[in-house]
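The values are calculated or read from the model by the stated rules, or taken from the named source; none is laboratory data. Computed from a predicted model, the values in this text were never measured in an experiment. Here Cβ is always computed from backbone atoms with ideal geometry, including for glycine, and neighbour counts include all displayed protein chains.
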Amino acid sequence: MKIYKDFYDLVIILFFSFICGFFLAGCKKAYNPATDAKSQICNQVKGTEAVYWDLMNGIPRTDIPGGLPIVASIGGTYTNSSFPLLTFNYPTGYTAYTDPNSGWIGVNLERNDKKSIWRYTSLFTSTAYTTQFVITTEVDNLRAFLGSTGAVTTVCSEQGTLPRATGITTYGQSVYITFDGFSAVVQVSITTETGLNSEQVNVTVTAAPTGEFANEILHTYLPIDYQMLYKSDGELDSDGDGYPDSIDAFPFDASQH
């Protein structure tokens, strides 16, 4: 009879509802940060890219896909001759080139097919730069490197001001952009100190084909970032000058410690 069948179906539904309520974790889809993660500051990205965007903007994340990022297959070690503390291991398939621009201390880590790049560089200068000027310059240079002629779409952007200490202020700006099948993150910070009449400019650029961006984040960009951020003994070294924050009187100024 239909009534009996409907009642039987209802019992089955209630039974499994009870089971799901009792074993909630087993009845819900497991959280996978590689696809499910959401950014705390930008609704336009998700998964690995969302985690990365937050980290690049100073937001702690404990859900990095795969856990602590490391270079799985070391292809070489880079050391900057002008600033030996700028040293890191990089993966196979990449080649490191010291930043050739006068006054800049940094490196361009380029994938051998010229389709992916991790760039970090800094400048101590008396010229008054703005973060927007540096962002625009870096994006133009990046597009030239990748042979891009198409339009740029800004997916996410952040900017702000952070007082570091008395008389020391950092101005920051970052963008997540796409163009011609590539995804990129460009981050710029400019730190000024009252009475010094100079500033320190720090630049980080990462880019890869959009379909490969998440993989490069996990296996190239973040593993290098973590080497730069932490010393071998695990202590935090925010400005990368070789002096951990615990004993550095100027933890955000690589020119002083």
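Observations on the model:
- Listed by position, the strands (runs of 3 or more DSSP E) contained in the stretch 70-122 that have at least 3 residues being in the same structural domain as residue 199 (by TED's automatic domain parsing) and either over 23 Å from residue 184 (Cβ atoms) or free of Cβ contacts under 8 Å to residues at least 60 places away in the same chain (or both) are 74-79, 94-98, 105-111.
- Of the residues 119, 111, the single one that is under 18 Å from residue 214 (Cβ atoms) and basic (Lys, Arg) is 111.
- Summed over the stretch 196-210, the residues that are buried (at least 22 other Cβ atoms within 10 Å of the Cβ), farther than 16 Å from residue 136 by Cβ and of a type in the set (A, V, I, L, M) give a count of 1.
- Yes/no for residue 220 being surrounded by 22 or more Cβ atoms within 10 Å (Cβ to Cβ) and in contact with a helix residue (DSSP H, G or I) (Cβ under 8 Å, 6 or more places away or on another chain): no
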